[in-house]
Amino acid sequence: MRRSRFYPLWILIIASFAASGCWDAKDIDRRTFVMGVAFDLSDTEDQLVMTIEVPVLTSFATQTHRIADTRAFVAATTGTSVAQMAARIETRTWREMFFGHTQCIILGEDLARESILPIIDFFDRNPRIDRRLALFVAQGKADEVLHIKNPLQPLVSVHLNQILNTLTNTTRVVKRNFQDNLRDLESNGDTVLPRVRSTDTELTIAGGALIKDYKFIAWLGENETRAVAFLYNRISGGVLTVNLEDILYTYAIRSASTDIKPVLKDGQLTFRINVKTEGEIIEAFYRGPGGAIEFDIPGIQSKLNQEITDEILHLLTKLQDLRTDPIGFDRLVYRHYPKFWNQHKENWKEQAWPQAKFEVTADFNIRRTGILKEVTIYERQG
Amino acid sequence: MYIRLAFDKQCLESEAVFLKLSKRIHHNVQFFKQQFNDSTDLVVRQFSISIPGIREIAGALIFFEGLISSHLITNAVLDPILHEASRFQQPIDADILSFLKESVLTNAEHSETNDANKVVLAIMMGEAALLVDGYNACLTIAVQDWEHRAIQSPESEGVVRGPRDSFVEAINRNLMLIRRRLRDPSLVFERIQIGNRGQNDVVIAYVKDIANEELVNEVRKRLNKIDMDVILDSGYVEQMIEDDWWSLFNTVQDTERPDEVVAGLVEGRVAVLVDNSPFALLVPSTFNSQMLSPEDYYVRWPAANFVRLIRFIAAFVAFLTPSLYIALISFHPEMIPTQLSLSIAASREGLPFPSIIEALIMELSLELLREAGIRLPGPIGQTVGIVGGLIIGEAAVNAGIVSPIMVIVVAMTAIAGFIIPTYTLSFGVRISRFFLMFVTSILGLYGLTLGILVVLGHMATLTSFGVSYLSPWAPLSLKDLHDSVIRSPWHGLKKRPSYTKADDPTRQGQRMPKKSKKKQNRGKQKQ
């Protein structure tokens, strides 16, 4: 009686030995944690260069390490595919490459111009990848980024990742992770990736790289990137400074949301884009003669609205000119007007998208002005 | 001439081997001496009762020294017999034995029998047998008194708030502790003897109009089936009456707290007390009932619930942590936060053993320490604690045998293990933990899930006197859920737990029937 009750369970367990992929037991200290990986085109034909950043584990063992200690090890190898290069580099670290904690992937400009697909595929296929990793395009060579030393954060890759995932107060880059990028790319091959630039001693993370059909085609400036961030609905904070009657007002965004609605009328496709933000004035100053004046809140708001509307319209025109749709307007059309979409899906990026019109409205709401009710105007004596 | 008595229960209970006493006192004395094989602790005090004007009648008092109170024997038996018996007047009191019984002996409890076997049993239980020449009957006088431990605070089930007394080895004291808490005439103690040679007292305690009769019968039936030489502790009885003898988990609850027993009795459970054992048994018993401490009912409900949550979490921690550690370290390092995984990897750098061996070493040394701490006498036990702490905490890490994280894991497991309120239950958790560690080291988190399934599946098949071990969760009993992980305030616990199938399910609000309440309300509205 008792034995027969457990029969199904035993069958399940025995079957699981055959079916499972869990034979890959390997202790944590027998793996190489690839924190960051950079890809470039090699000088020789059809070859890639992979550069990895690996933490030197012993330097992480105690809290009291010397600053002079090397905490990251950077190694590079060449090859034709990512897996092949990973296998090659294993002989230099004598441990299995482990991409489960990879914080960022950096693509060189030249490589991205050719195609980013071969790189993306390896990571997309691997189930252990942390999908919150950051995918960057480097201006110039990618491997240079990994060689930068930052005393605050010993691992460049962690530093880069934290900028995207934890920094809320910047609008210089679009804060989207690998998962978001993949969703864009798998839908129409277009996306915007953050740009990283390395000088001799420093990293600059600002702007974006416009990807069209898995190929890098153009850089986007900081203001354009901000417009992209608004359209992606990825604004979590940040500051905007406007000049109204020679007074500089700095507006801090506390929350923002963007609503995009396609409207099809008489065969003309129009996108109604409404940006709503709430925030406060955190800084206001003016140099020149005068006294103290009250805030002109509606004035500041309309000025802000105007600036953002212009920025977004400028960006959209540029995207139309380049025949790219990284924001995914096509998905909206597919959802709202499936018939129209079926007619135009073959040549969406080439014909229908460039002809679309936009109605952009912005609604900036200033909730607070700090504890000062008015702008103090400083009058220089003499 | 004398048949050797076979001391088995059937013989003692049935009339078949009724062995009549002789009228001649020296026959009887010789019989008892032979019965006890002239054991040196058997005392045969022979005396003669002188009755004026008639004759001298020979008498004998047979008992074991050490089992009786010599004070009682002297003052309540011998002294009255030797002095007061002279008042015997034959025409009025025809029977000297009943005269002694009714008018001479001053102690509280004695009985008359003419069955030699009963007398033998009574002597072994510490009574004194009074034989009088010319009568084929015997008076057994209850003069038991032996050395016993004083009532102390419980060792394994301490509480901060609540009574501090615990059972002792003497069963009468234990019964007293229960009776004092439950002054209910329906509280029944049924005494039977178990043990073919030991003849130990076993008492079934229940409240007659609460406990389900079938349950009581079942307990009685199982107890009567026990066929052992001696019962040295309630643990013997527990193992003979439990439903599943092969399981890691105990389906009979043991407790040394009288308040816990009384709480069980009024819930409709049955308690079994065994003489010479300070642990009472409670049936039926579920995993849930063993996870609860009496203190949960003494402190206010928010505090009780907080502690209960902690306790259930602790049970999971004690059960899962080492295997979870192995799974994450060996199979799924991507599931650990990046910074933590770096420092874990760094701390394991240079360790010679894979994580399963590391975990086994540490868990084994923990079990060694725990066992050594129990066995060693108090003062040395502390030394073991210190030495062990040094080995586990410092030296093993510095020597590069285990990683500091493993020390945390083991420490957490140990601390959490001690939070499980029943000592017996923690055995099950401790042993199944090793099973989980092995499965995990082969199959990772997947294996851990399978292992948990196996353990849970096994627990779900267990029953305790017909009650599912995992109730009230499996099968789900919504009624009993309000006294499991979360306990509702006392006014929400109006019913006894349903798993005991109590005859009288209500334990609160009986004095004011619902109908009269409604009438009162109506009256108020009219006014």
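Rounded to the nearest 500 deg cm²/dmol, what is the calculated helix-only ellipticity per residue at 222 nm for chain A, with -39500 (n - 2.57) per DSSP H run of length n ≥ 4?
-9500 deg cm²/dmol
Note the full-extension length gain between B:Phe47 and B:Arg191 as 0.36 nm times their separation in residues minus their Cα-Cα distance, in nm to one decimal.
Value of the extension gain: 48.4 nm.
At 7 Å along the Cα-to-beta-carbon direction for both B:Asp184 and B:Lys494, put a label point, then send me their distance in nm to one decimal.
Reported label-point gap for B:Asp184 and B:Lys494 is 1.9 nm.
Going toward the positive end of the dipole of chain B, with +1 on Lys and Arg Cβ and -1 on Asp and Glu Cβ, which of B:Phe353, B:Gly466, B:Gly59 do you reach last?
B:Gly466
So for the protein assembly as shown, Kirkwood radius off the Cα pairs, Stokes-Einstein at 37 °C and 0.692 mPa s: how many µm² s⁻¹?
Here the translational diffusion coefficient equals 90 µm²/s.
Using the crude model of +1 on Lys and Arg Cβ and -1 on Asp and Glu Cβ, and no other charge, please compute the dipole size for chain A relative to its Cα centre, in debye to 20.
Computed about the Cα centre, the dipole is about 1660 debye.
Could you tell me which chymotrypsin sites (Phe, Trp or Tyr not before Pro) in region A:60-156 are loop residues by DSSP with no more than 13 other beta carbons within 10 angstrom of their beta carbon?
Qualifying residues, ordered by number: A:Trp94.
Just for region A:222-382, what percent of DSSP beta bridges are antiparallel, to the closest 5?
Bridges in region A:222-382 are about 65 percent antiparallel.
For B:Ala128, what charge total do you get from the other residues with a beta carbon under 12 Å from its beta carbon, if Lys and Arg give +1 and Asp and Glu give -1?
Here the charged neighbours net out to -3.
Would you mind ranking B:Asp254, B:Asp244 so that the residue whose beta carbon has the fewest other beta carbons within 10 Å leads the list?
B:Asp244, B:Asp254
Could you compute the FRET efficiency for A:Gln355 and A:Gln47, with r as their C-beta to C-beta distance and R0 at 60 Å, rounded to 0.05?
0.90
Kindly work out what percent of the DSSP beta bridges joining two residues of chain A are antiparallel, to the nearest 5.
65 percent
Shape verdict for region B:297-468, please, from the Cα gyration tensor: rounded (a/c under 1.5), prolate (a/b greater than b/c) or oblate.
oblate
If you place +1 on the Cβ of every Lys and Arg, -1 on the Cβ of every Asp and Glu, and leave all else neutral, what size is the dipole of region B:236-343 about its Cα centre, to the nearest 20 Debye?
So the dipole magnitude of region B:236-343 works out to roughly 480 debye.
In percent, what relative contact order does chain B have, based on Cα pairs under 8 Å that are 6 or more apart in sequence?
Relative contact order of chain B: 13 percent.
Roughly how many whole Å is it from the C-alpha centroid of region B:240-262 to that of region A:139-199?
61 Å
Can you show me the helix-derived [θ] at 222 nm for chain B, built from DSSP H runs with n ≥ 4 at -39,500 (n - 2.57) apiece and divided by the number of residues, rounded to the nearest 500.
Only helices count here, giving -13500 deg cm²/dmol.
Taking 35 Å as R0, compute the FRET efficiency from the Cβ-Cβ separation of B:Gln239 and B:Asp503 and round it to 0.05.
Calculated transfer efficiency: 0.75.
Calculate the FRET efficiency for B:Lys479 and B:Asn224 from the Cβ-Cβ distance with a Förster distance of 30 Å, rounded to the nearest 0.05.
Efficiency at R0 = 30 Å is approximately 0.35.
Along the charge dipole of the protein assembly as shown, which of B:Leu450, B:Asn37, B:Thr500 sits closest to the positive end, that is, farthest toward it, with unit charges on the beta carbon of Lys, Arg, Asp and Glu (+1, +1, -1, -1)?
B:Thr500
How shielded is B:335-344 by partner chains, expressed as the average number of their Cβ atoms within 10 Å of its Cβ atoms?
Mean inter-chain Cβ contacts per residue within 10 Å come to 5.
Treat the count of other C-beta atoms within 10 Å as a stand-in for reagent exposure and order B:Arg300, A:Arg176 from fewest to most.
Going from sparsest to densest Cβ surroundings: B:Arg300, A:Arg176.
Under a point spin-label approximation (7 Å from Cα along Cα-to-Cβ), what is the B:Ile386-B:Arg24 distance to one decimal in nm?
7.3 nm
Measure off 7 Å from each Cα along the Cα-to-Cβ vector at B:Val216 and B:Met412, then give the distance between these two points in nanometres to one decimal.
4.9 nm
Once phi is turned into θ = phi - 60°, what whole-Hz ³J(HN,Hα) does the Karplus curve with 6.51, -1.76 and 1.60 give for every residue of region B:211-221, x standing for Gly and Pro?
Going residue by residue, I get 5, 5, 5, 4, 4, 4, 4, 5, 4, 4, 4 Hz, with x marking Gly and Pro.
Could you state the number of Å between the C-alpha centres of region A:233-299 and region B:315-329?
Using only Cα atoms to place each centre, the spacing works out to 51 Å.
Using θ = phi - 60° and the Karplus form 6.51 cos²θ - 1.76 cosθ + 1.60, what ³J(HN,Hα) does each residue of region A:37-46 get, whole Hz, x for Gly and Pro?
So the J values, rounded to whole Hz, are 9, 10, 10, 9, 7, 7, 5, 6, 5, 6.
Give the average, rounded to an integer, of partner chain Cβ atoms located within 10 angstrom of each Cβ in A:29-37.
Mean shielding by partner chains, rounded to a whole number: 3.
Among B:Thr321, B:Thr113, rank each residue by its count of other Cβ atoms within 10 Å, from fewest to most, as a rough exposure measure.
The order, fewest Cβ neighbours first, is B:Thr113, B:Thr321.
Between A:Arg368 and A:Leu117, what is 0.36 nm times their sequence separation minus the Cα-Cα distance? Round to one decimal in nm.
Answer, rounded to one decimal: 85.7 nm.
Could you pull out the trypsin sites (Lys or Arg not before Pro) across region B:366-467 that fall in loop regions by DSSP (anything but H, G, I, E, B) with no more than 16 other Cβ atoms inside 10 Å?
Answer by residue number: there is no such site.
If you put +1 on each Lys and Arg Cβ and -1 on each Asp and Glu Cβ, how big is the dipole of chain B around its Cα centre, in Debye rounded to 20?
About 2760 debye.
Whose amide H sits under 5 Å from the amide H of A:Leu244, counting only residues 5 or more places off or on another chain, with H placed in the peptide plane?
Result for A:Leu244 returns A:Tyr249.
For the Cα atoms of chain B, what angle does the longest principal axis make with the long axis of helix B:514-526, in degrees from 0 to 90, nearest 10?
70 degrees
Only the coordinates and a few stated rules stand behind these numbers; no lab work does. Keep in mind that what you see is a predicted model, and the values were worked out from it rather than measured. As a convention, Cβ positions derive from the backbone with ideal geometry for all residues, glycine included, and neighbour counts pool all protein chains shown.
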